[in-house]
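Peer 1: Dropping a structure here in structure tokens format, bear with me for questions.
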Amino acid sequence: MEFSLSDEQRQLQQLARDFTRKEIIPVASEYDQREELPWHVVEKAFEVGLLNVGIPEHAGGLGLGMLDECLIGEELAYGCMGIFTILMASELGITPLLVGATEEQQRRFLTPLTEKPSLAAFALSEPNNGSDAAAMHTTAVLDGDEWVINGTKMWISNGGVAELTVVFATTDRQGGHRATVALVVPKDAPGLSYNKIKHKMGQRASLTSELVFENVRVPRENQLGGLGDGFKIAMKTLDKTRIPVAAGSVGITRRALDESVKYARAREAFGKPIADFQAIQFKLAEMAMGLETGRLMYQKAAWLVDQDQPHGYESAIAKAYCSEVAVAAANEAIQVHGGYGYVGEYPVEKLLRDAKLNMIYEGTNEIQRVVIGRALLK
Ligand code: COS
């Protein structure tokens, strides 16, 4: 058993840490307030090699592994989970191509993403279904050599800025998961329109949109895998991409702990720093326990992905556990800060707003428990 990181991984971690300090922390609050995606951060992430890191080498990318991606994610989310979500959602859009595309398709769709700052997206959820992913209503009908897509997708991160979106649709609404198909749709496809979802509680620097498809046509070559493979491609994707959500959650927890330690040392009550009181020390200890155990879990799940071993059970545990730890840590960080924690002057109230989404997206934590429970009982 080996817990240490390789030299390359330590360098990558340091690169992401420096990037967070220089490029993310100074703008996090501003873009949260403006509810705007900081495109210049995406451009800088591209310049330093932190964007779309999972694109394989044969398609012109860095071909980094899941553990690498997660180490980066923990660092970026320390600065802003919303900004990390922009990059993470792009990897989510890329992953179905790693899972279900031919090498030719990977080159065709992914190489352009390595040539300029660009994002991908993943469109599974709909206005009336999220957890029951197989019950989708968006339809795909073959017309000659083209798929014609109609329907609405909801809660799509990077929707409207992503160069390509992997869209899941059904060829037969009565056909269940075996009738689903995964299609790559370019940003400017005629008939595709985007509506930005406003007034989110947190992660407001990340763009979330509704996607409306009105007779959107894509060539048959944009289909990933076989007819009916769509649902399994989505499930295999999420088994992987839930791990960076866990890593980002650990980044939030680490930030909550660091801010709390700093404040507890500086703030005095009853004639001494509040850090001297056990009531505060216990809160810090709880955060540290969640941080350390959560990190072990996301690293184990990521390691399994990199070893090509089954990882759905571990990724579900990591995602649910780390996101709940992050929400609890952010909540306690506010408590440590007292009234100051409740206002925007200190970053901890944003941590709580941001962390909450990690319990919901990429499968609610209730769905993670379904995955864990089924694995135990199968
Ligand atoms: N990997 C590969 N195949 C999988 C799989 C996985 N992780 N999970 C399920 N499958 C396969 C099953 O083996 C089954 O195949 P067969 O019919 O050939 O045997 C098929 O897919 C259907 O599986 P199942 O019956 O378990 O599907 P359910 O409809 O019960 O759904 C859950 C399973 C609830 C786990 C799924 O709908 C889900 O993950 N929902 C959440 C979706 C989500 O995360 N949305 C967030 C979008 S991104 S923000």
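Peer 1: Rounded to the nearest 500 deg cm²/dmol, what is the calculated helix-only ellipticity per residue at 222 nm for the chain, with -39500 (n - 2.57) per DSSP H run of length n ≥ 4?
Peer 2: Computed ellipticity for the chain at 222 nm equals -17500 deg cm²/dmol.
Peer 1: Still on this model: Going by amide H atoms built from the backbone, whose H comes under 5 Å of the H on residue 203, apart from near neighbours?
Peer 2: The answer is 82, 354.
Peer 1: For residue 55, enumerate residues with amide H under 5 Å from its amide H, sequence gap 5+ or separate chain, H modeled in the peptide plane.
Peer 2: For residue 55, the qualifying residues are 62, 63, 64.
Peer 1: Can you tell me the length gained on complete extension of the stretch residue 198 to residue 131, counting 0.36 nm per residue apart and subtracting the Cα distance?
Peer 2: 21.9 nm
Peer 1: Same structure, new question: If the reach is capped at under 12 angstrom between alpha carbons, list the aspartates and glutamates near residue 356, excluding any in the same chain fewer than eight residues apart.
Peer 2: Counting by Cα, and skipping residues close in sequence, residue 356 has these aspartates and glutamates nearby: 324.
Peer 1: In whole Hz and in residue order, list the ³J(HN,Hα) couplings for the stretch 105-117 that follow from phi through the Karplus curve 6.51 cos²θ - 1.76 cosθ + 1.60, θ = phi - 60°; x for Gly and Pro.
Peer 2: 5, 4, 5, 4, 8, 8, 4, x, 6, 8, 8, 8, x
Peer 1: Moving to a separate point now. State the percentage of accessible surface on the chain attributable to carbon and sulfur atoms; use a 1.4 Å probe and exclude ligands, DNA and RNA.
Peer 2: The computed percentage sits at 53.
Peer 1: Further, regarding this structure: Give, in whole angstrom and from largest to smallest, the semi-axes √(5λ) of the equivalent ellipsoid of the chain, with λ running over the eigenvalues of the Cα gyration tensor.
Peer 2: Equivalent-ellipsoid dimensions as semi-axes: 36, 21, 20 Å.
Peer 1: Can you give the FRET efficiency for residue 221 and residue 293, using 1/(1 + (r/R0)^6), R0 = 56 Å, r = Cβ-Cβ distance, to the nearest 0.05?
Peer 2: Approximately 0.80, to the nearest 0.05.
Peer 1: Which far-off residues, 5 or more places away or on another chain, put their amide H under 5 Å from the one on residue 125, with H placed in the peptide plane?
Peer 2: HN-HN under 5 Å from residue 125: 154.
Peer 1: Given a 1.4 angstrom probe, what's the average accessible area per residue across the chain, in square angstrom?
Peer 2: Per residue, the chain has 44 Å² of solvent-accessible surface.
Peer 1: Please give the FRET efficiency for residue 364 paired with residue 270, using the beta carbon to beta carbon distance and R0 = 56 Å, rounded to the nearest 0.05.
Peer 2: 0.85
Peer 1: Can you return the lysines within cross-link range of residue 283? Criterion is Cα-Cα under 17 Å, with same-chain partners fewer than 8 residues away left out.
Peer 2: Straight-line reach from residue 283, under 17 Å: 262.
Peer 1: According to a simple spin-label model (label point 7 Å from Cα along Cα-to-Cβ), what is the distance in nm between residue 143 and residue 308?
Peer 2: 4.2
Peer 1: Using a 1.4 Å probe, how large is the accessible area of residue 201, given in Å² and rounded to the nearest 10?
Peer 2: 120
Peer 1: Sticking with this structure for a sec: Filter 200/240; 22/350; 153/378; 116/240 down to the pairs with a C-alpha to C-alpha distance above 28 Å, please.
Peer 2: The pairs that break the limit, which is 28 Å between Cα atoms, are 153/378.
The values are calculated or read from the model by the stated rules, or taken from the named source; none is laboratory data. No experiment lies behind these values; they were computed from the predicted model shown. All Cβ positions, glycine included, derive from the backbone under ideal geometry; neighbour counts span all protein chains shown. Please note that ligands, DNA and RNA were not included when accessible areas were found on the heavy atoms of the full protein model with its side chains. Shrake-Rupley method; radii C 1.70, N 1.55, O 1.52, S 1.80 Å.
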